[in-house]
Amino acid sequence: MKKLERSLALPAVIAISIGGMLGSGIFVLPGLAAAKTGPSVWLAYLIAAICILPAALSKSELATAMPSSGGAYVYIERAFGPLFGTISGIGLWLSLLLKSSFALIGLGAYLAVLINIDDSLTKLVALGFLCFIMLLNVFGIKKVGKVQIVVVSISLTCLISIFLVGFPLVNPEFLTPFLSNGNTGLISTVAFVYISYAGVTKVAAIAGEIKNPDRNLPLAMILSLLTIAAVYVFITFVLVGNIPINDLTSDIRPVYTVAKIIGGKYFGYIAAAVGTITLMSMANSGVLASSRFPFAMARDRLLPSFLKRLNSKYVTPVGAIVITCVTMAFVIIFLDVVKIAKLASAFKVLMFISVNLCVIILRETSAQWYRPSYKSPLYPFLQIFGILSGLILLVFLGWMPFLAILAISALGTFLYFLIGKDVMRTGVLRNYGHRPALYLFNKKNKDQAIDQPQEEKSSSNLDPKIASDAGAIVPLLGNENSPETLVDIAAAINSKKKIQALKITEIPNQTDLDAVLEDSSEAVSLKRRLSSLSKSKGITVAFESVVTHELSNTINELSSQSSCEWLVMGWDGRSHSGILVSNPIGWLLANINSNLALFKDNGVRHVGKVLLALRPGRKDRNFIEIAQRVCSFYGASLTLLHVVPEKTTNKNIFAMEEKSSSKLEQSKAEVVIVKSDDPVETISEISAGYDLLILGAPEKDNWINVLFGGGKDKFTEKSACSVLRLTVKD
């Protein structure tokens with residue numbers, strides 16, 4: 001089965017979390033929020049951050065117990081069962097969808113500043129960008145997510161600049177009355193801006209791709225929440241301190257307005273440009289994330305099957321993406337911005353209440369499989385606070401969001417009984433909820449349940465156990481002439497007994513990794529062939545099929561295995577295309593954590609004669625040992641070749657021959673020294689009499705140049721036999 005690869009480190013997780021929050025919450029919402037509470041809007045943002053903290057910590061716990069993509073939908077479905085899973089999936093889908101729609105309307109407002117569009121055309125502009133975003137997601141544009149880090153950096157820089165310039169200019173007269181609508185208005189505003197922090201838990205949906213999730217996931221959530229809370233509080237304080245409240249309350253581009261007031265027209269234009277790209281990025285990531293919910297639900301047979309189908313060419317869930325974008329279009333056309341924000345906050349509050357309940361249910365029922373590596377502190381008081389504060393906020397959002405929640409509950413129930421009623425899964429609440437006393441009072445039974453063997457626990461989407469004792473790892477990317485030959489080469493240079501071969505498939509960020517978990521026919525065939533090779537050659541070859549969003553991160557992670565001596569990869573030898581053809585990883589090759597062997601397969605299937613060509617002054621012994629290991633594996637003869645300049649004296653040649661001969665241990669080994677001022681042509685001619693040429697990487701060559709253009713690997717290009725090019729770490 002294809003398995004998930006953990007490739008996201010703490011900085012990347014923090015960037016994703018901040019990117020999920022930095023958008024409409026500060027670029028669009030503050031003016032509308034100020035209309036409800038006045039200058040105290042900054043306090044509303046602060047209280048909202050406190051109210052969302054329990055959900056962030058609870059979701060961290062749930063994610064380390066269920067480290068699979070899908071996030072809150074998976075947790076709620078597992079705890080409450082498929083009926084509530086259906087309702088929650090629709091609610092989560094709508095909350096992200098609404099937030100993205102809100103961002104697109106704000107995008108239109110900011111863009112109107114830059115290209116002088118009439119404000120009445122804001123929704124039309126939003127629809128145009130929505131169509132563009134839909135195409136990006138359908139066509140599976142890879143690595144769009146990497147742009148998020150750049151966008152977040154630009155946005156934070158702009159907002160910090162606004163704070164530094166605007167804080168000294170705050171007018172105290174603008175800050176009174178502090179509570180324009182009393183305590184009721186403040187609490188209503190807290191509920192209204194709640195959606196601004198929704199992205200803090202978005203990273204839980206990719207828990208299966210995070211390194212060391214028990215540490216990095218909660219830490220990333222807390223650090224990103226503190227960062228964004230500070231940004232929201234300080235910027236909203238600057239907004240209400242520099243813009244008269246009557247002007248601010250109807251402004252959906254307040255960051256542009258305050259930038260223009262404190263820094264002039266051009267500073268305002270810069271802020272408008274930053275707002276446009278930030279909201280664009282947020283809307284795109286929102287479509288990407290929200291389309292995963294109907295896709296995952298269809299995969300779980302809770303929604304129509306067409307929503308889980310992947311486009312054969314682009315490997316993206318086109319049905320889920322299109323229905324998400326069409327729904328967003330209706331939202332943009334028929335709802336005003338205040339209603340969109342209220343509905344988005346209401347659905348998110350409800351989901352976070354459910355997340356806190358999940359932790360309580362799963363802990364109290366003592367479900368055998370529930371083993372979180374991180375546990376939320378102050379249990380259950382923190383969860384109870386999250387539930388009660390959420391219920392209070394729901395009440396203060398008004399009757400319209402409440403009716404919408406009832407409607408979604410009715411729709412989810414209808415869809416469940418129409419489509420998903422035959423699903424055999426049941427939630428923990430149904431299985432264990434009626435007998436908590438048994439687990440509470442019968443400690444023996446409880447301990448026995450906890451101590452059940454690992455094999456009996458849920459094994460779905462567990463962290464991949466790539467052979468940690470493998471001496472050589474062979475990534476197979478689909479462009480190898482013969483995977484068997486590549487594995488054979490790995491066995492020849494490996495001093496240990498075990499080899500790990502991996503069929504790695506990279507898919508677009510728009511596709512959930514879980515969607516491609518079933519092995520392809522190609523992977524099944526490859527596994528069978530390598531198994532036959534293992535038996536016939538008497539070598540141990542483990543095989544796994546891996547799906548990843550980040551090929552370079554995955555390969556880097558493989559090379560970091562504690563016992564991995566060699567990373568062995570196929571190479572066509574041409575400098576203009578590189579090892580991975582359309583997936584440049586020059587940075588990986590420059591920082592590889594193990595010895596690297598690049599094999600250019602020229603079709604030779606029997607290795608009887610090996611030629612080792614070394615440059616004078618290199619550390620020969622490592623390469624000679626490896627070459628002798630290869631010859632021993634194949635039963636081949638070894639020739640150590642030195643190409644020296646024409647002016648080299650016979651005395652120096654004799655000394656070189658004596659020194660090299662002393663390093664050779666095999667009986668079928670010889671030293672050949674050739675005078676030539678054209679070593680490339682000489683080695684090319686001599687290689688015609690051999691089956692395998694072993695070379696070291698040029699000491700002064702830059703791997704990026706060699707593999708991706710700029711530098712030419714002429715020795716490899718002109719070789720008449722197969723080439724094994726080695727980079728040995730000191």
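The values are calculated or read from the model by the stated rules, or taken from the named source; none is laboratory data. Worth saying up front: this structure is predicted, and the values here are computed from it rather than measured. Because the Cβ atoms are built from the backbone with ideal geometry, glycine has one as well, and the counts that use them run over all protein chains shown.
Tabulated data for the structure shown
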item: Residue selected from region 502-555 under the condition hydroxyl-bearing (S, T, Y) and modelled with pLDDT under 80, by the criterion nearest to F139 (Cα to Cα); result: T511
item: Among the residues listed as L307, L302, the single one being of a type outside the set (F, W, Y), free of Cβ contacts under 8 Å to residues at least 60 places away in the same chain and in contact with a Gly (Cβ under 7 Å, 6 or more places away or on another chain); result: L307
item: So L121, is it buried (at least 22 other Cβ atoms within 10 Å of the Cβ), assigned by TED's automatic domain parsing to the domain that holds L411 and either of a type in the set (G, A, S) or in a helix (DSSP H, G or I) (or both); result: no
item: Residues located in region 15-44, provided they are surrounded by fewer than 24 Cβ atoms within 10 Å (Cβ to Cβ), under 33 Å from the mean Cα position of the chain (by Cα) and modelled with pLDDT of 90 or more; result: W42
item: Residues satisfying the stated conditions in region 378-411, i.e. closer than 22 Å to C358 by Cα and not in a helix (DSSP H, G or I); result: L378, Y379, P380
item: Breaking point among (1) closer than 27 Å to I321 by Cβ; (2) at pLDDT 90 or above, for F102; result: (2)
item: Selection count, region 214-247, where residues are closer than 13 Å to G199 by Cβ and either among the hydroxyl-bearing types (S, T, Y) or not assigned by TED's automatic domain parsing to the domain that holds I52 (or both); result: 3
item: Some residue of region 342-364 being under 27 Å from the mean Cα position of the chain (by Cα) and farther than 29 Å from A48 by Cα; result: no
item: Residues of region 649-678 classified as at pLDDT 85 or above and either polar (S, T, N, Q) or in a loop (DSSP other than H, G, I, E, B) (or both), total; result: 6
item: Filtered residues of region 320-349 (kept if in contact with a Lys or Arg (Cβ under 9 Å, 6 or more places away or on another chain) and free of Cβ contacts under 8 Å to residues at least 40 places away in the same chain); result: A320
item: Selection within region 622-648 - touching a helix residue (DSSP H, G or I) at 6+ places or on another chain (Cβ under 8 Å) and either assigned to a loop (DSSP other than H, G, I, E, B) or surrounded by fewer than 20 Cβ atoms within 10 Å (Cβ to Cβ) (or both); result: R629, F633, Y634, A636, S637, V644
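Okay, residues lined up against (1) crowded, with 20+ Cβ neighbours inside 10 Å; (2) assigned by TED's automatic domain parsing to the domain that holds A49:
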{"residue": "S354", "(1), (2)": "yes, yes"}
{"residue": "V359", "(1), (2)": "yes, yes"}
{"residue": "S373", "(1), (2)": "no, no"}
{"residue": "G390", "(1), (2)": "yes, yes"}
{"residue": "G398", "(1), (2)": "no, yes"}
{"residue": "S409", "(1), (2)": "no, yes"}
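Here's the yes/no breakdown for (1) at pLDDT 85 or above; (2) in contact with a Gly (Cβ under 9 Å, 6 or more places away or on another chain):
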position: F334; (1), (2): yes, no
position: M351; (1), (2): yes, yes
position: L378; (1), (2): yes, no
position: M400; (1), (2): no, no
